[in-house]
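Right, one structure below, let's go through it.
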Amino acid sequence: QVQLVESGGGLVQAGGSLRVSCVASGGTFSEYAMGWFRQTPGKEREFVGAISRFGGATYYGDSVLGRFTISRDNAKRTVHLQMNNLKPEDTAVYYCAAGGSSATLRSNDAAYWGQGTQVTVSS
């Protein structure tokens, strides 16, 4: 069983930057691809990005490509999402997820989910 806890959300002005992080406990961290998703009320959960088990490959949703960067530190059991040039439409609850592969995460399929952290971008 893997537990995921996100942190780092908050309020930021448009054009600003924010980094959210996720710490994992339980299980073997390097056995999982890690991903970030986001959701706003009334909308479907959206894939943001994923990173392979050892960080060799990253994938991003079209809406964040070029602005967001995902990274991981297996020794610290942590995955980060660096968000730059934030826009009001990036406002959402951001969820960390662990899955068997980046491909499954990109299909919105994860084995474990965090509780989410709110990111609000003001215009």
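The values are calculated or read from the model by the stated rules, or taken from the named source; none is laboratory data. What you see is a predicted model, and the numbers here were worked out from it, not measured in a lab. Because the Cβ atoms are built from the backbone with ideal geometry, glycine has one as well, and the counts that use them run over all protein chains shown. Ligands, DNA and RNA are stripped out before the accessible areas are found, and what is left, the full protein with its side chains, is counted by its heavy atoms. Shrake-Rupley method; radii C 1.70, N 1.55, O 1.52, S 1.80 Å.
Residues of segment 62-79 that are over 11 Å from Ile51 (Cβ atoms), of a type outside the set (Phe, Trp, Tyr) and in contact with an Asp or Glu (Cβ under 9 Å, 6 or more places away or on another chain): Ser63, Val64, Arg67. Just one of the listed residues (Arg77, Arg53) is touching a helix residue (DSSP H, G or I) at 6+ places or on another chain (Cβ under 7 Å), on the phi > 0 side of the Ramachandran plot and at pLDDT 95 or above, and it is Arg77.
Being open to solvent by less than 60 Å² (accessible area, probe 1.4 Å), outside any loop (DSSP other than H, G, I, E, B) and modelled with pLDDT of 95 or more is a property that holds for Tyr94.
So that you can scan it fast, the table gives a plain yes or no per residue for (1) in contact with a Lys or Arg (Cβ under 8 Å, 6 or more places away or on another chain); (2) open to solvent by less than 30 Å² (accessible area, probe 1.4 Å); (3) among the β-branched types (Val, Ile, Thr):
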site	(1), (2), (3)
Gln3	no, no, no
Gly8	yes, no, no
Val20	no, yes, yes
Ser30	yes, no, no
Ala33	yes, yes, no
Pro41	no, no, no
Gly61	no, yes, no
Val64	no, yes, yes
Ala75	no, no, no
